[in-house]
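Asks: This is the structure I want to talk about, given as structure tokens.
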Amino acid sequence: MLTSICGINWGDEGKGRMVDLLSEKFDVVCRYQGGNNAGHTVINERGKFVLNLLPSGILREDVVNVMGPGMVIDIKHLCGEIAKLREGGIKITPENLKISDRAVITMPYHVLLDCLEEDRLAGKKFGSTRRGISPVYADKFYKKAFRMGELLNTERLYKRVADIVEWKNLTVVGGYKSEPIKTEDMIAYFEEFGKVLAPYVCDTGLYLTEAHAQGKNIMFEAQLGAMRDIDFGIHPYTSASSTIAAYAPIGAGVPQLQLTNSIGIMKAYSTCVGEGPFTAEYFGEKAEKLRQLGGEYGAATGRPRRVGPFDIVASRYGIRCQGATEIALTKMDILSGYEEIEVCVAYELNGEIIHEFPFVDVLDDCKPVFKTVKGWNCDISHCRKVEDLPKEALDYIKYLEEACGCKIKYVSVGAEREAYVEMY
Ligand code: GDP
């Protein structure tokens with residue numbers, strides 16, 4: 001079985017906790033895109049863990065975790081993340097962590113260039129997480145990047161460094177008038193962090209092909225939502241990678257395999273980090289209340305998230321992009337304090353009501369059309385079975401299911417692993 005778990009919205013849907021929950025049924029969990037530009041927060045019996053690069057399956061002892069060729073890996077950050085998890089008692093060895101030889105290395109100068117460009121843009125910034133993600137993906141496609149497999153032959157690798165550094169300084173020094181990058185610093189960086197990670201590097205495509213042939217269940221874990229996909233998202237306020245489920249087998253190293261199903265993670269209301277169009281956005285007190293209730297602050301950056309009600313237009317589009325076959329609806333408990341719940345049912349564009357998610361440029365002129373539905377206005381965090389949920393909560397679930405055209409299989413009602421209801 002090959003299952004993808006992907007975000008339907010702008011990210012931060014609670015994918016981490018759903019992967020943590022569902023990974024019980026899987027032998028292998030793979031990350032297939034992105035880098036340390038987002039974070040999953042997972043709370044389980046061992047404590048609270050923030051994962052930026054490692055697949056969420058790392059928190060389960062018997063799961064093998066794969067970091068695929070579609071990823072960009074900040075090796076310093078990864079070493080830090082591994083060390084922190086080990087402090088928390090998590091076992092990490094080459095047996096349960098496999099890093100693709102084809103994954104690209106995020107270098108310190110990628111982070112530097114990300115910061116220099118955001119600073120140059122000032123008021124017009126994209127809202128980058130400043131983790132070097134766009135610059136490193138750009139270099140990948142420029143074919144001037146270092147890959148994890150090169151850490152296995154450092155003699156050859158170190159010979160390439162001077163050429164790349166010379167080329168990079170054309171931009172760093174020539175363009176941004178910043179201090180030059182030094183070849184010896186980059187070699188020292190590889191020496192310090194590359195050596196630690198080299199034992200984990202392998203052909204993850206081969207590993208996954210064999211695991212699949214042996215009947216193992218494989219899960220692909222996305223890091224960001226559909227709206228952040230480089231092609232289908234709210235470009236240019238997107239990530240630089242493909243976040244969609246169809247890319248998962250490619251980004252994990254098994255382009256010949258096809259997904260069995262795609263579980264879309266969708267939040268019971270909307271949140272968005274950073275710049276860009278966010279049509280159903282709340283402002284002022286309304287926003288503050290929802291942000292506080294949901295604890296909506298970025299896991300990687302601590303930035304307050306923009307918030308709004310559930311957006312049917314954007315979510316239907318997200319479900320289509322992700323080819324979702326079932327939905328996990330998260331953070332339902334956050335809406336418990338509302339007597340009435342608003343939902344964005346359509347957009348108004350130049351006096352016309354539209355139901356399909358438009359081309360991104362047009363979004364700036366769209367206004368949300370809200371509808372109010374009855375809230376349940378009571379605590380649902382203890383609910384574990386369908387019968388435990390109040391009628392209004394069931395009505396809300398059914399309403400979203402019908403409006404979005406996809407079955408909701410799981411509903412989460414708390415951050416803890418067991419705080420959820422399986423609907424069917
Ligand atoms: P991800 O990047 O999609 O994994 O999202 P985040 O890491 O930002 O996770 C969302 C946050 O909400 C985390 O702090 C989770 O522990 C928390 N969370 C997830 N599901 C639920 C839920 O059903 N209820 C509540 N109250 N919190 C949840």
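Asks: Among the aspartates and glutamates, which have Cα under 12 Å from the Cα of K91 when same-chain residues fewer than 8 positions away are ignored?
Replies: E61, D62
Asks: Round to the nearest 10 and report in Å² the accessible area of L2, as given by a 1.4 Å probe over the protein chains' heavy atoms.
Replies: 0 Å²
Asks: Here's another thing I want to ask about it. Rounded, prolate or oblate: which one fits the stretch 102-255, using the alpha carbon gyration tensor with axes a ≥ b ≥ c (rounded when a/c is under 1.5, else prolate when a/b beats b/c, else oblate)?
Replies: oblate
Asks: So what is the 222 nm mean residue ellipticity for the chain from helices alone, if each DSSP H run of at least 4 adds -39500 (n - 2.57) and you divide by all residues, rounding to the nearest 500 deg cm²/dmol?
Replies: It comes out at -8500 deg cm²/dmol, rounded to the nearest 500.
Asks: When the accessible area of the stretch 104-197 is split by element with a 1.4 Å probe, what percent falls to carbon and sulfur?
Replies: Summing carbon and sulfur atoms, their accessible area is 55 percent of the total for the stretch 104-197.
Asks: A further question follows. Which of the aspartates and glutamates could a cross-linker span from K168 if the Cα-Cα distance has to be under 12 Å and same-chain partners fewer than 8 positions apart are dropped?
Replies: Result set, ordered by chain and number: D139, E179.
Asks: Follow-up question, since we're still on this one. Kindly identify the stretch 265-313 as rounded, prolate or oblate by the Cα gyration tensor criterion: order the square roots of the eigenvalues as a ≥ b ≥ c, call it rounded if a/c is under 1.5, otherwise compare a/b with b/c, prolate if a/b is larger, else oblate.
Replies: Since a/c stays below 1.5, the shape of the stretch 265-313 is classed as rounded.
Asks: Among the DSSP beta bridges whose two residues both lie in the chain, what percent are antiparallel, rounded to the nearest 5?
Replies: Looking only at bridges with both residues in the chain, the antiparallel portion is about 40 percent.
Asks: Still on this model: For a test of the definition: using alpha carbon positions, the gyration tensor, and the 1.5 limit on a/c, classify the stretch 1-78 as rounded, prolate or oblate.
Replies: rounded
Asks: Taking the mean number of other Cβ atoms within 10 Å as a proxy for protection, how do you rank 28-36, 231-239, 385-393 from highest to lowest?
Replies: 28-36, 231-239, 385-393
Asks: Give me the percent of accessible area attributable to carbon and sulfur for the stretch 266-422, probe 1.4 angstrom.
Replies: The C+S portion of the solvent-accessible surface of the stretch 266-422 is 50 percent.
Asks: Using the structure shown, select from K267/K398; K76/K182; K331/K409; K125/K267 the pairs with a Cα to Cα distance greater than 20 angstrom.
Replies: K125/K267
The values are calculated or read from the model by the stated rules, or taken from the named source; none is laboratory data. This structure is a prediction, so every number in the text was calculated from the model and none was measured. Here Cβ is always computed from backbone atoms with ideal geometry, including for glycine, and neighbour counts include all displayed protein chains. Note: accessible area is taken over every heavy atom of the protein model, side chains too, but ligands, DNA and RNA are not part of it. Shrake-Rupley method; radii C 1.70, N 1.55, O 1.52, S 1.80 Å.
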